[in-house]
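K.L.:
Dumping the structure here so I can ask a few things about it.
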Amino acid sequence: MSSRTAQSASKSHPASDGFTDKDRCVLLEIADGIKTLTTMATQQLVTQSEGCSGPAELHSDQAASTVNRFEKDGPMFRLRFHAHDATEEDEFVGKNGFRYYALLLSQPNVAMEASDFFPQPHGGLGQDDPDEEGVNSRADAGADDSYQPAIDKAEVDRQIRKFKHDIAEAEKDGALARAAELKKQLMSHLQHKKENTGVFGRVRHLGPAPVRQRRRKAVDASLRRCRAVIGKTMPMLKMYLKAHVKWNGTQIAYIPTAPVEWRL
């Protein structure tokens, strides 16, 4: 076989590994392309890693701005409230109502007596605050003793029933003069009862209202004033507090419908 014939055979027939020279050239080009893509991808990942601190810090700042806040800072209360993809924020002078709300928000679903917001013998919330609405923890000692019902309603009702029975008996016996006298006494008792009962027949009381009632009234007034101030710049927070802080008699509680995070 001649030299020219041998070269032609080497180009047309595959080598022992099954690839022709043309196949090997194609594979080398593919390998170079993969290597180039791998290098570019690696460089891109390094660049993203070096610049990731900025977006992460921004996300952290955004998350912090949505945390609700009812925080005392010296004489001020700093408030923030996030709802419906909107955020309200302001600061206020720390009146009593703000302190009361801060205590309520710190203990969700816990019923508190109105007296819990007033100074305790050994110090406590509002220790340095002036008394509100005439409520004074020292002067209140024994005040409930002077708060008495104006009449014994059960006894008055018993006497009225007796007069009605006696009048019927007197008329039955023909004792019209006695019946007339009994009717005068009955009218006197009915008038006395009317003067000493209020709406729905509730008996009126003599003396100052009980301490528990006066303290409830004072706390409620402070909370209403606080909401009115907040509502001027933070209407969503005002409505939230009104909807989720509820009275039950002389007890009050913060009852959220869903868990809410507060910074206090």
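K.L.:
Lysines within cross-link reach of residue 184: Cα-Cα under 25 Å, excluding same-chain residues under 8 positions apart?
P.N.:
Answer for residue 184, where 25 Å is the Cα cut-off: 153, 162, 164, 172, 193, 194, listed by chain and number.
K.L.:
Oh, and also: Taking the Cβ of residue 88 as the centre, find all other residues whose Cβ is under 14 Å away and add up their charges (Lys, Arg: +1; Asp, Glu: -1).
P.N.:
With Lys, Arg at +1 and Asp, Glu at -1, the net is +2.
K.L.:
Sticking with this structure for a sec: Cut-off is 10 Å between beta-carbons; in what order do 29, 113 appear when sorted fewest neighbours first?
P.N.:
Lowest count first: 29, 113.
K.L.:
Identify all lysines with a Cα-Cα distance to residue 246 below 21 Å; exclude those on the same chain that are fewer than 8 residues away in sequence.
P.N.:
95, 217, 238
K.L.:
If Rh is defined by the Kirkwood formula over all Cα pairs and Rg also comes from Cα, what ratio Rg/Rh do you get for segment 149-206?
P.N.:
Ratio of gyration radius to Kirkwood radius: 1.09.
K.L.:
Oh, and also: Arrange 262, 247 by Cβ neighbour counts within 10 Å, fewest through most, would you?
P.N.:
The most exposed by this proxy come first: 247, 262.
K.L.:
So, one more: Cut-off is 10 Å between beta-carbons; in what order do 73, 85, 166 appear when sorted fewest neighbours first?
P.N.:
So the residues, fewest neighbours to most, are 85, 73, 166.
K.L.:
So if each residue of separation counts as 0.36 nm, and I subtract the Cα-Cα distance between residue 159 and residue 177, what length gain in nm does that give?
P.N.:
4.5 nm
Where a number appears in this text, it was derived from the coordinates with a stated rule and is not lab data. The structure presented is a predicted model; accordingly, all values stated were derived computationally and were not measured. Note: ideal-geometry Cβ built from the backbone for every residue, glycine included; neighbour counts use all protein chains shown.
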